[in-house]
Every structure is written in C-alpha cells, then in structure tokens.
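> Structure in structure tokens, see below.
The values are calculated or read from the model by the stated rules, or taken from the named source; none is laboratory data. Note that the structure is a prediction, hence the values are computed from the model and not measured. When we count neighbours, we look across all protein chains shown, and the Cβ atoms used for this are built from the backbone with ideal geometry, even at glycine. We work out accessible area using only protein heavy atoms, side chains counted, and drop any ligands, DNA or RNA first. Shrake-Rupley method; radii C 1.70, N 1.55, O 1.52, S 1.80 Å.
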Amino acid sequence: MKIVIVGGVAAGMSAATRLRRLDETAEIIVLEQGPFVSFATCGLPFYLSGEIAAKDDLLVQTPAKLKQRFNIDVRVNHRVTAVDSGAHTVAVQQPAGLATLAYDRLILAPGAKPVMPDLPGLEKATNVFVLHDIPDLDEIMARLSTTAARQVTLIGGGFIGLEMAEALRQRGLAVTIVEQKAHILPPLDEEMAAGVEAELVAHDVRIIKNHAVKGFRQAGRLLILDDETELKTDLTLMAVGVRPATDFLASSGVQLGDHGGIIVDEHYQTSVPDVYAAGDAIEVTQTLSGQSAQISLASPANRQGRQVADNVAGYPRQNRGSIGTAIVRAFGVTAAVTGLNEADLRNQGLPYKAVHLSGDDHASYFPGSQTLLLKLLFDPATGKIYGAQGVGPAGVDKRIDVLATAIKGQLTVADLPELELSYAPPFGSAKDPVNLLGYAALNVVEGISDNIQWYDLQENEVAGRQLIDVRNPDELAQGYFPESRSLPLDQLRDRLSELDPEQAYIVSCQSGHRSYVAERILKQHGFDVVNLDGGFSLYHTVRPDELLYD
C-alpha cells in the first residue's frame, strides 16, 4: 500500500511513524512544504528569549533519521497544491518543478497557518512578522540582529502573544500588546486573566485592550488603532490566531466546515474515499458542548495522528473530540484552562455555576508555599464539570491536568473530593486544592451554599441585599466594599441580634472560605444569605477602583 501524508510536524509525523510500526511493508511518503519536517513549534518563543540556547534543539527529527529508523520517505520543500480524489493523485510543487504523485491512501495533515489581517498599509510594511515555524523565527532573529529595534508591538494577547511578550522583554525590548477584546487571554474569564495582566504590567509590558489595529503607515513603523491612536513600532508581530491551511483542497471534493477545517467522521475519514485527515486542519467536536470547533493544540494533533494511522492500518480508533486544555507562562505566573469558559456557556445557553478557590501549591507550613487561584464551572443540577481555570506562581499545571482528566473521564464535582492525590508537605496538602474545589462545588449542587459572582455584587445590592464583611478589622486596611458592614466571623454568633431577620444579606471575606462559614451560621438561624464567591481578594483583582481605602 502506498500512503501519502501531506504535512509533517505533529499530526503528520505521528501518523507516519505509527503506520510504520503497524505495517512494515507499506510505502510511506511524507510531503512537507517547509524545510523542516519535525520541529518543536511550541519551543520557538523560548529560543527567541535565549532559554533554549541551540536552535538544533528544536529539531525533533530529520528526514535522514526518519529514513534510517522508520524507512519513511520524507520530502521537504514539497508543497501540495491540489488533490484529485477521483484519480487518487496529488499535485506537488517541488524544487524541480510541478509533479503528480499517486496514492492508495491519503492522509491530510497540513496544519494551520497564522491569520494575517488585510489591513491598509500592510503590503508596504517591512517590519511585520508572524511566528509559526523556524523560517519565521530566522526572519525575526535576523531583523533583531541587523536593526536597532527597541519597540515591539504584539497584535493579539493570546497564548502566543504572551509567550512572545516575555521573550522579547527578556531581550530588553519595550513591548506593547494590543488586544481587541476586553481582556488578554480570552480563553480565560476576565477575573482569572486579571492576575496575568498584573504580572505583565509589573514587568513593564504595556497593554492596550478593547482596541483593534486599523492600519499601518511609514512602511509599518507607525501602527494606527481604531480610535486613531498612533503607535510607533520597530517590529510588529501578528498573533491574532491561526486558520486551517486548506486552500489547496478547493477543487478536491473534500468537505470543509464553518471554520475552514476539514470535516472528518469518527474514524478521521473525509467526505471522499481513501482520504483521511488529522491535526490542526480538521474540524473537531468540542466534547463538552457537542459543537464543531477549531482547537489548534499540539497534544490533540499528536493523538489524532496516531489514531488516524490506526484506522488506516485496520485498527479502528474513535475520534472522541477535544476539550481544549492549554497553559502559558507569563514571567512568574502560570495560567491554564481546560474545557468551556463562562462566555462559552452563556453563548450556548447552558445552566452553570462557578466556584473559586484560593489554595497553596503545597502544605502552607512547609517553606516556599505559594498561593494559586482555581475556578471550576459546572452544572448546578448534575454536577457535570464544564471547565476549569487556574492562575498562580506554582502548582497550576498539576491541578488543571487533574481537572482535565476528570472532565475526560466524565467525573462530576462529587468525585473530586474522592480523588486520592499524592501528598507530602513539599508536594501538596492532605486536602488538595482540587479536593477542596470539589467540596465547594458540591455544597452548591446540594443547596448547602448559595453563591454569587463578583459581577453579580452590584445587582444584588441594588436589589436590596446588604453586604456583611466578616474579615477582622485589621484586614480592612487592605480596602473594603462601599456601604458594607463589618462583622468579624468570630463575633457573629454573639451579635446575631444586631441583624434584621427581614433583611437579605451577602457575606464576604478575603477569599470566600470564612464567609461560607458565616453563611452556614446565618442560614441555620433563619437568615436569607448568599456568599460572595472568591471574596474581597477576587473582586479587588478585577475592580480595584470600585473599593474604598483608608
């Protein structure tokens, strides 16, 4: 059997090597349009920063090594320009010219390509780049080494934009991020992204939100925003997302979806016979919502490459979709997300509740513990876990990975307290933050606790609820809510007579834990009360200007 694979890197090379392990007799040809067939795309920003010292460390495999070990015919600088599914051939632009190559089975893994907006003046700009592969990296490095670049502008505040911001600041450049949405890191909710933004600002990264780029002037050295603000820039990096690299399939008969990705069935077969697809170029099902999505991440691409190889070789594997789990470092802070966020849930009309938890990455009494913030989104009726987010200096990756596994395993919030996670003081706590998150969510599901979110506070106060702050008096020096009433938790039982049984209340503390205790006391004495989830600390992160300070 002659199997042709379009595209290397993650999905393509995973498919090629898996196919060889399953079938020693197959002829396997990989066509890669670039000069490198297997490299660490996610490592590019870290070479730019200098953390990865040698560029060769980014090269995972070479055509020669793949030929030697796997007997795979890897052809770099071979760009597929068309697919004739009826004739079972592909048109290939190769160094020697245009050629036609026949196949018995075709696997499409062309990946995605950076979005380059059609902006006035961009065609004349000589200093606008993207970072998607090693040739892109070489161009940026050459520009930085041959010019006196000092000011860099990043268009897009997503994961790649943040990694690039850190890398360029480490090189001593002035960095500005322009993000058209209301907050950076749109996959995270606003209050979770706020901590990351604070870390960037603390490292002198300028952030402009709620504005889009309108165009370029002066050969790209002047960037114009939608409010006519002018930004001088020596180097501009576009990081506004990617789209499937599927233009060459226009007349192939291969069906594309709303996102421009290849539509595949549960076994990665396309709409035409003997043609399969995997990786960033395909439309996937968001497992939690059941909707079609574009999830361009390395881990799913590698998994899909292996699974498509199994299907081609006769070992049925089901395409179960993806939930979307991602992580990024911004200087001393890590941010991670899995599953759906609040915007997703609202857009899809799904009922949900949220809980936030501030916890230590390991036992607080052991030296070096640091606080992380976790958020869990779930169905208030069934406890189904919709998504989770985490931000903090340490331990975020571990917790989000556990929660992503829980989602894939279809666990509910009731299962989280049952997870037996490794514990010793240097590594964790006897009650891990994931366990505690489950307890908090289960209290909401079972009606033991009723919470409101930071963005619900003003609406509840307008509706007549009074806020009781149960922190100690010395804590109020950090700031306090307007029109709130101070009533320390340890005095609450003795001062119940000061409260009006006909008045509805909100209770708040620093993080939401002590106020939960206050909520339970008040409810059992007949009061109508809700807990401000995340407490003062979370509100202060998002809306510090709305608080009072002595």
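> Assuming 1.002 mPa s and 20 °C, estimate D for the range 88-244 with Stokes-Einstein, Rh taken as the Kirkwood radius over Cα pairs, in µm²/s.
On the way: Rh = 17.3 Å.
Answer from the Stokes-Einstein relation: 124 µm²/s.
> Using a 1.4 angstrom probe on the protein heavy atoms only, could you order D189, D274 from most to least accessible area? Please report the intermediate quantities before stating the final value.
Details: D189 15, D274 45 Å².
Putting D189, D274 in descending order of accessible area: D274, D189.
> Considering only P488, N341, V434, whose Cα is most displaced toward the positive end of the charge dipole of the range 334-493, charges sitting on Cβ of Lys, Arg (+1) and Asp, Glu (-1)?
Result: N341, furthest along the dipole toward the positive end.
> If the limit is 23 Å between Cα atoms, which of K2/K67; K209/K353; K209/K384; K398/K431; K67/K113; K124/K181 go over it? Can you show the working numbers first?
Values: K2/K67 16 Å; K209/K353 27 Å; K209/K384 33 Å; K398/K431 14 Å; K67/K113 27 Å; K124/K181 27 Å.
From the list (K2/K67; K209/K353; K209/K384; K398/K431; K67/K113; K124/K181), the Cα-Cα distance tops 23 Å for K209/K353; K209/K384; K67/K113; K124/K181.
> Further question: If you take the Cα Rg of the range 156-211 and divide it by 2.2 N^0.38 Å, with N the number of residues, what do you get? Mind dumping the intermediate values first?
Numbers: Rg = 10.3 Å, N = 56, 2.2 N^0.38 = 10.2 Å.
Rg over 2.2 N^0.38 Å, computed on Cα atoms: 1.02.
> Loop only per DSSP, at most 12 neighbouring Cβ atoms within 10 Å: give me the GluC sites (Glu not before Pro) in the range 3-51, ordered by residue number. Intermediate results must be reported in sequence, preceding the final value.
Details: sites: E24, E27, E32, E51; in loops: E24, E32, E51.
Those that pass, being in a loop and sparsely packed, are E24, E51.
> Based on DSSP, what percent of beta bridges with both residues in the chain are antiparallel, to the nearest 5?
Values: 55 of 100 bridges.
Of the beta bridges lying entirely in the chain, close to 55 percent run antiparallel.
> Order these peptides, 542-550, 203-211, by their mean beta-carbon neighbour count within 10 angstrom, highest first.
On the way: 542-550: 11.7, 203-211: 15.0.
Peptide ranking by packing, descending: 203-211, 542-550.
> Relative to 2.2 N^0.38 Å, what does the C-alpha radius of gyration of the range 1-86 come to as a ratio? Two decimals please.
Numbers: Rg = 14.3 Å, N = 86, 2.2 N^0.38 = 12.0 Å.
Normalised Cα radius of gyration, the range 1-86: 1.20.
> Given H placed 1.01 Å from N in the peptide plane, which residues other than close sequence neighbours of A277 have an amide H under 5 Å from its amide H?
Distant-sequence amide H within range of A277: L108, T270.
> Classify the range 242-338 as rounded, prolate or oblate from the Cα gyration tensor: take a ≥ b ≥ c as the square roots of its eigenvalues, call it rounded if a/c is under 1.5, otherwise prolate when a/b beats b/c and oblate if not.
Numbers: a/c = 2.17, a/b = 1.60, b/c = 1.35.
Prolate shape, in that a/c is at least 1.5 and a/b is the bigger ratio.
> Let me ask something else about it. What is the Cα convex hull volume of the chain when expressed per residue in Å³? Please list the in-between numbers first.
On the way: hull volume 99.4 nm³, N = 550.
Per-residue hull volume (Cα only) is 181 Å³.
> Another question, then. How far, in degrees from 0 to 90, does helix 11-22 lean away from the longest principal axis of the Cα atoms of the chain, to the nearest 10?
70 degrees
> Residue-wise, which Karplus ³J(HN,Hα) couplings in Hz belong to the range 108-117, taking 6.51 cos²θ - 1.76 cosθ + 1.60, θ = phi - 60°, and x for glycine or proline?
Each residue's phi maps through the Karplus curve to give 9, 9, x, x, 10, 10, x, 6, 10, x Hz.
> Leaving out ligands and nucleic acids, and using a 1.4 Å probe, what accessible area per residue does the range 441-550 come to in Å²?
49 Å²
> Could you state how much accessible area D456 has, in square angstrom rounded to the nearest 10, with a 1.4 Å probe and all protein chains kept in place?
40 Å²
> Which listed residue (P367, L185, S251) has the Cα farthest towards the positive end of the charge dipole for the chain, taking +1 on Lys and Arg C-beta and -1 on Asp and Glu C-beta about the Cα centre?
So the residue we want is S251.
> Charges on Cβ only, +1 for Lys and Arg, -1 for Asp and Glu, centred on the Cα centroid of the chain; of Q318, T17, N127, which one is farthest towards the dipole's positive end?
Checked the options; the winner is T17.
> Under a Cβ-only charge scheme (Lys and Arg +1, Asp and Glu -1), can you give me the dipole magnitude of the range 225-306 about the Cα centre, in debye to the nearest 20?
Details: 4 positive and 12 negative charges, 97 e Å.
Here the size comes out at about 460 debye.
> Next question. First check a/c for the range 481-534, with a ≥ b ≥ c the square roots of the eigenvalues of its C-alpha gyration tensor; if it is under 1.5, answer rounded, and if not, answer prolate when a/b is larger than b/c or oblate otherwise. Before the final figure, lay out each step's value.
Numbers: a/c = 1.38, a/b = 1.31, b/c = 1.05.
Here the range 481-534 falls in the rounded category.
> Give a residue-ordered list of calculated ³J(HN,Hα) values for the range 179-191 (Karplus: 6.51 cos²θ - 1.76 cosθ + 1.60, θ = phi - 60°; whole Hz; x for Gly, Pro).
Each residue of the range 179-191 in turn: 10, 6, 8, 6, 8, 6, 6, x, x, 8, 6, 4, 5 Hz.
> Please give the per residue accessible area of the range 1-97, computed with a probe of 1.4 Å over protein heavy atoms only, in Å².
Working: 4400 Å² over 97 residues.
Value for the range 1-97: 45 Å² per residue.
> Rounded to the nearest 10 degrees, what's the angle between the helix 159-170 long axis and the longest principal axis of the chain, both from Cα atoms, 0 to 90?
Relative to the chain, helix 159-170 is tipped by roughly 90 degrees.
> From zero up to wherever the largest Cα-Cα distance of the range 406-483 sits, split into 5 Å bins and tell me the percent of pairs in each.
Per 5 Å bin, starting at 0, the Cα pair percentages come out as 3, 12, 14, 14, 15, 15, 13, 9, 4, 0.
> Any idea what the dipole of the chain comes to, in debye rounded to 20, about its Cα centre with Lys/Arg Cβ at +1 and Asp/Glu Cβ at -1?
1840 debye
> Using a 1.4 Å probe on the protein heavy atoms, what percent of the accessible area of the chain belongs to carbon and sulfur?
Values: 11760 of 24150 Å².
Within the chain, the accessible surface is 49 percent carbon and sulfur.
> Next up: Distance from the Cα centre of the range 444-461 to that of the range 328-358, in angstrom?
Cα centroid to Cα centroid, the span is 17 Å.
> Between 0 and 90 degrees, rounded to the nearest ten: what's the tilt of helix 513-524 against the longest Cα principal axis of the chain?
50 degrees
> Follow-up question, since we're still on this one. Rg over Rh of the range 1-144, using C-alpha atoms and the Kirkwood radius, what does it come to? Don't skip to the answer; put the middle values down first.
Values: Rg = 17.1 Å, Rh = 16.7 Å.
My calculation puts Rg/Rh at 1.02.
> Now a separate question. So, for the range 224-279, what is the accessible surface per residue at a probe of 1.4 Å, expressed in square angstrom?
Details: 2450 Å² over 56 residues.
Heavy-atom accessible area per residue stands at 44 Å².
> Still on this model: Taking θ as phi - 60°, what are the ³J(HN,Hα) couplings along the range 332-343 by the Karplus curve (6.51, -1.76, 1.60), each to the nearest whole Hz, with x for Gly and Pro?
Couplings: x, 10, 10, 10, 9, 8, 9, x, 8, 9, 5, 4 Hz.
> Using the per-residue mean of other Cβ atoms lying within 10 Å as a proxy for protection, in what order, highest first, do the peptides 349-362, 471-484, 491-504, 120-133 fall?
Details: 349-362: 19.8, 471-484: 14.6, 491-504: 11.7, 120-133: 16.5.
Going from most to least packed, we get 349-362, 120-133, 471-484, 491-504.
> Find how many whole Å separate the alpha carbon centroid of the range 286-327 from the alpha carbon centroid of the range 154-185.
Spelled out, the Cα-based centre of one part sits 29 Å from the other.
> Show the residues, 5+ positions off or on another chain, whose built amide H is closer than 5 Å to the amide H of F378.
Amide H to amide H, under 5 Å and 5 or more residues apart or across chains, F378 pairs with K353, Y386.
> Go through 369-375, 67-73 and give me the packing order, highest mean Cβ count within 10 Å leading.
Details: 369-375: 20.7, 67-73: 14.9.
Ranked from most to least packed, the peptides come out as 369-375, 67-73.
> Another question, then. Residues with amide H under 5 Å of D528's amide H, sequence separation 5 or more or different chain, H placed in the peptide plane at 1.01 Å from N; which?
Placed amide hydrogens put Y505 under 5 Å from D528.
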